[in-house]
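Read through the structure below, which is laid out as structure tokens, and then see the notes.
The values are calculated or read from the model by the stated rules, or taken from the named source; none is laboratory data. In this text the structure is predicted, and so the values were computed from the model without any measurement. FYI the Cβ positions are ideal-geometry reconstructions off the backbone, even for glycines, and counts take in every protein chain you see.
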DNA sequence: CTCAAACGGTTATATGCTATAACTATCTCG
DNA sequence: CGAGATAGTTATAGCATATAACCGTTTGAG
């Protein structure tokens, strides 16, 4: 998530988290904010959980530098060598238009490729490169480790119960 | 969500879901795509559930035309009359910079307002207008109805179990 | 009492993700 | 064969989110 400071304006004065001598500034104890009914809404809880889940995913996958969608696409290609773009899109709920730059990036990084010509000349068959297989393999290991940490937080049987409940919402 | 066709290029030819005579086209029975391990990942399940949750929220709130964040902000202001922007941002995990246009819109719609001058002249105290109170009241009713439908899908005690599990992830 | 640093709010800007329309090349079938 | 559908692509718009820099105000250490 390194974001280059594209066009600095003048100079930073705010420091937000550190004082002049590196002293940590305790954000002034603002009066606690009441959440009201928000605290008991499934939608809101889902939102917060998902945000923290994505953060955890990115942290866990730093080494392989894959975003959730990229990871999902690579996994799907590995499970279905030769799939067409449209099929991946339909399965993951992506827009075919948005899939193009996504796959371009994976291809640029040498992880996946389009094999043209397979009987229907309109479509291309998607495959992982050897490098892509290796990277995904490592990604799956990292992901499994993360999933285990998540499962630990959820308690005994919690992960399975959560999966079951979440599927009822889809 | 009405999105004006800002700059049409030529004419639509694709129809995607309907044939020439209105006949529904069964997206050609594409070979089923295997999901592999993706199917059992908490992160992926969360993602799908959240997408469908947001869709359900928007559907349920059509009448009052509130997005999830707007709804959350209004609720928080109602629960904490006079809060400062920064406090709302911290509570909801928003960026103060992004909060500005969000609140502007709520103000433009006559739902909330900034009261200036309260001791610290830098900050403004946030309040709901009478109209805002009324709209939020209706929104809460609609939200409750939706929440009940969600709870029904989750089965007896499912909603509570889900909330508990989700909170462990945050 | 003063002034440098911090704070609340704002503007400007960049990036990612999603959505739609329209285009090209190809395929299919009546 | 040709009209219409399909696979992939381009271009574009929208919202959400993130960061830097700015202004006016407040605060606290010296």
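When the residues of segment B:94-110 are filtered to those that are near DNA strand D (Cβ under 7 Å from one of its atoms) and outside any helix (DSSP H, G or I), the one that is surrounded by the most Cβ atoms within 10 Å (Cβ to Cβ) is B:94.
From B:136, B:92, B:128, which residue is touching a helix residue (DSSP H, G or I) at 6+ places or on another chain (Cβ under 7 Å), within 16 Å of DNA strand C (Cβ to nearest atom), within 13 Å of chain A (Cβ to nearest Cβ) and touching a residue at least 40 places away in the same chain (Cβ under 8 Å)? B:128 is the lone residue from the list that is touching a helix residue (DSSP H, G or I) at 6+ places or on another chain (Cβ under 7 Å), within 16 Å of DNA strand C (Cβ to nearest atom), within 13 Å of chain A (Cβ to nearest Cβ) and touching a residue at least 40 places away in the same chain (Cβ under 8 Å). Those residues that are in contact with a strand residue (DSSP E or B) (Cβ under 9 Å, 6 or more places away or on another chain) and either within 18 Å of residue A:148 (Cβ to Cβ) or within 9 Å of chain B (Cβ to nearest Cβ) (or both), I need them from segment A:60-76; list them, please. Residue satisfying the conditions is A:76 alone. So for segment B:105-124 (the condition being within 16 Å of DNA strand C (Cβ to nearest atom), at the interface with another protein chain (Cβ under 10 Å from one of its Cβ atoms) and within 17 Å of the chain's Cα centre (by Cα)), does at least one residue qualify? Within segment B:105-124, not a single residue is within 16 Å of DNA strand C (Cβ to nearest atom), at the interface with another protein chain (Cβ under 10 Å from one of its Cβ atoms) and within 17 Å of the chain's Cα centre (by Cα).
Identify all residues within segment B:126-139 that are buried (at least 19 other Cβ atoms within 10 Å of the Cβ) and part of a strand (DSSP E or B); write none if there are none. Once the filter is applied, which keeps residues that are buried (at least 19 other Cβ atoms within 10 Å of the Cβ) and part of a strand (DSSP E or B), segment B:126-139 yields B:126, B:128.
When segment A:79-106 is filtered for residues that are touching a strand residue (DSSP E or B) at 6+ places or on another chain (Cβ under 7 Å) and more than 10 Å from residue A:126 (Cα to Cα), only A:106 remains. When segment B:77-89 is filtered for residues that are more than 7 Å from chain A (Cβ to nearest Cβ) and without any contact (Cβ under 8 Å) to a residue 12 or more places away in the chain, only B:89 remains. Take segment B:140-170 and flag every residue that is in contact with a helix residue (DSSP H, G or I) (Cβ under 7 Å, 6 or more places away or on another chain) and outside any helix (DSSP H, G or I). B:170, the sole residue that qualifies. Considering segment A:140-169, the residues that are away from chain B (no Cβ under 11 Å) and in contact (Cβ under 8 Å) with a residue 40 or more places away in the chain include one that is surrounded by the most Cβ atoms within 10 Å (Cβ to Cβ), namely A:142.
Residue by residue, here is whether (1) under 26 Å from residue A:114 (Cβ atoms); (2) at pLDDT 95 or above; (3) near DNA strand C (Cβ under 10 Å from one of its atoms); (4) surrounded by fewer than 17 Cβ atoms within 10 Å (Cβ to Cβ) holds:
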position: A:4; (1), (2), (3), (4): no, no, yes, yes
position: A:7; (1), (2), (3), (4): no, no, yes, yes
position: A:11; (1), (2), (3), (4): no, no, no, yes
position: A:15; (1), (2), (3), (4): no, no, yes, yes
position: A:44; (1), (2), (3), (4): no, yes, no, no
position: A:54; (1), (2), (3), (4): no, yes, yes, yes
position: A:71; (1), (2), (3), (4): yes, yes, no, no
position: A:75; (1), (2), (3), (4): yes, yes, no, no
position: A:80; (1), (2), (3), (4): yes, yes, no, no
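For the structure I just gave you, tell me whether residue A:47 is closer than 18 Å to residue B:47 by Cα and near DNA strand D (Cβ under 9 Å from one of its atoms). It is true that residue A:47 is closer than 18 Å to residue B:47 by Cα and near DNA strand D (Cβ under 9 Å from one of its atoms).
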